1. Restricting to the stretch 289-305, what's the tally of residues that are free of Cβ contacts under 8 Å to residues at least 24 places away in the same chain and over 11 Å from residue 352 (Cα atoms)?
2. Looking at this structure, is residue 357 under 25 Å from the mean Cα position of the chain (by Cα), farther than 30 Å from residue 148 by Cβ, surrounded by fewer than 20 Cβ atoms within 10 Å (Cβ to Cβ) and not basic (Lys, Arg)?
3. When the residues of the stretch 86-101 are narrowed to those that are crowded, with 24+ Cβ neighbours inside 10 Å and among the small types (Gly, Ala, Ser), which ends up modelled with the lowest pLDDT?
4. For the stretch 403-415, state whether one or more residues are outside the structural domain of residue 296 (by TED's automatic domain parsing), of a type outside the set (D, E, K, R) and under 27 Å from residue 166 (Cα atoms).
5. Looking only at the stretch 293-315, decide whether some residue is more than 20 Å from residue 415 (Cα to Cα), within 32 Å of the chain's Cα centre (by Cα) and among the small types (Gly, Ala, Ser).
6. Across the stretch 278-321, which residue is farthest from residue 160 (Cα to Cα) among those that are buried (at least 19 other Cβ atoms within 10 Å of the Cβ) and among the aliphatic types (A, V, I, L, M)?
7. Mind checking whether some residue in the stretch 117-128 is part of a loop (DSSP other than H, G, I, E, B), surrounded by 21 or more Cβ atoms within 10 Å (Cβ to Cβ) and touching a Ser or Thr at 6+ places or on another chain (Cβ under 9 Å)?
8. So which of 352, 315 is part of a loop (DSSP other than H, G, I, E, B) and on the phi < 0 side of the Ramachandran plot?
Amino acid sequence: MTRRLSTALAPLCLAIGMAGIATTSAARAPGGPTEAGTAYIADIAEVKDCPFSTPRGDFAACLEATVPENYADVDADGVLPEDAPRLTIAIAVLSNFLTVDDPDPIVMIAGGPGQGSTMFLPMHGPALQLRRSRSIVMIDQRGTGHSVPALTCAAIDAQEFDENRLNDPDLMPETPTEERLAQCIADWSDQGVNFNAFDTRSATRDLQAIRRGLGIRQWNLHGTSYGARVVLDAMRVDPEGIRSVVLNSPQAITPHYDAAFAENRAKLFHQFFEDCAQDSYCSETFGDLEAHLETIRAHLADEGMDIYLRETPDSELIRITVGWEEVIEALYSHMNFIDGPAPVARYIHELSRMVDGRLSLNDDEVARIFQGSLRDADSDIAMGMHVAARCREDVDAYDATTVAAGAAKAPSLYTSASFIHSYRLGCSMMEIEPVDEAFHGMVESDIPALVLTGDMDPLTPTIWAHHAAAALDNAQLVSFRALGHDIYSSSGCARVITANFIDAPDEPVDATCAESYRPAFAPAQ
């Protein structure tokens, strides 16, 4: 059930803590939006029955924004013709805990592409540092979460688009991933979905239209991974509406599959080997990891290795013969260091002893090695939106020569990039038109920016963060040694730095706590 916000604007604004919003500074980026559709103001309605629950004692307002499917349909006066197709964007607002004016809320933008921001409400609810005096706004990017249409496909999982086949929900699928994706695309096409409307630029125009619809003059944007690409583009589209930005483990505005991405795997493994060698606990406990990895590779070059896995914790064990490609992809899936580097070192050591016949691993440990990321939170990605955005912005720029050059730096650590075939099939079926090359130009702006990065990030190479920060006139870069992806979620230090930055974005941040991070292989005492 929805209620037009315009009929009860004052009570709702008070409920979500947005009364008295006022800008504190002038627009910080030169120029302004000039493209079609940028004058549009979203129609906002209150949703009486929220599709999720909040923690006890907390409060969330649920809203819906109506936006154009295609901003080219909007006329110069910001009017959308009655017969133009529209989309519904889901919004959730967590109020701050104090009864004070909320001048500049924080907008959390999720990654993927394909993740809806409202799925992270349980994490943002307890974010006391950010909610001291500001509301948190979560917007499900078009095609994701509770927005309509949500391009979700129950028949496929995001894990099927990586190179580790053993973390797929179905170890022995009867129907190939490509066929299941094709069926979902056909279903969406029958519903009249225009896949070219699901990209970053459309999302940033939605942000601008929603900001205006809520009557917010400036807000702070916080983007994680792909969400940081959305934030970067928003700095070009709506500079006057942005007070500050946080780029958390940012995906580059440049095409995803570039030389930095291709070379990243070799750099991370070599740094990992060096870190272990310089750590007394790791070197004494696990030995020479690079030599162990070569032992595994040499053994599997002659013969495979039989392991037993389950598709779910309660299903029957399935015997699977694995080779070197399965081993290196399984190990690389753990390089995000969610639990620190020690498990990866242990896995390499154990597998080396296993192929030598000196160790027999139990089923649980085998599952941890080969299926660990099966337990990760990628299951809620809207795969239709994911594929559409990748096709619009990244797949066309994929260059096999660049990828091969990156792999040539350490050939044994790489496998064939078969995932690109699935994307290209999806691009063809969706009839995707690649974005204009100008989209990929480096973003220049003097909007205050905080850039967080981990130097062991396997998903968004840390060099992307450094390049993004270098192009921004008012950016502060904080790099965390030996941390992987999503620094904000994995580091309490990063969360404090973020809160302090948003409080005073023009002041230098105190990043002293970040300097204490080092590779930690020894068990916590």
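1. Total satisfying the criteria: 4.
2. Against the criterion (under 25 Å from the mean Cα position of the chain (by Cα), farther than 30 Å from residue 148 by Cβ, surrounded by fewer than 20 Cβ atoms within 10 Å (Cβ to Cβ) and not basic (Lys, Arg)), residue 357 does not qualify.
3. By that ranking, first place goes to 92.
4. Within the stretch 403-415, none of the residues are outside the structural domain of residue 296 (by TED's automatic domain parsing), of a type outside the set (D, E, K, R) and under 27 Å from residue 166 (Cα atoms).
5. yes
6. My answer is 289.
7. No, the conditions are met nowhere in the stretch 117-128.
8. None of the others qualify; the one that does is 315.
The values are calculated or read from the model by the stated rules, or taken from the named source; none is laboratory data. These numbers were taken from a predicted model, which means no experiment stands behind them. Note that we place each Cβ from the backbone using ideal geometry, even for glycine, and neighbour counts take in every protein chain shown.
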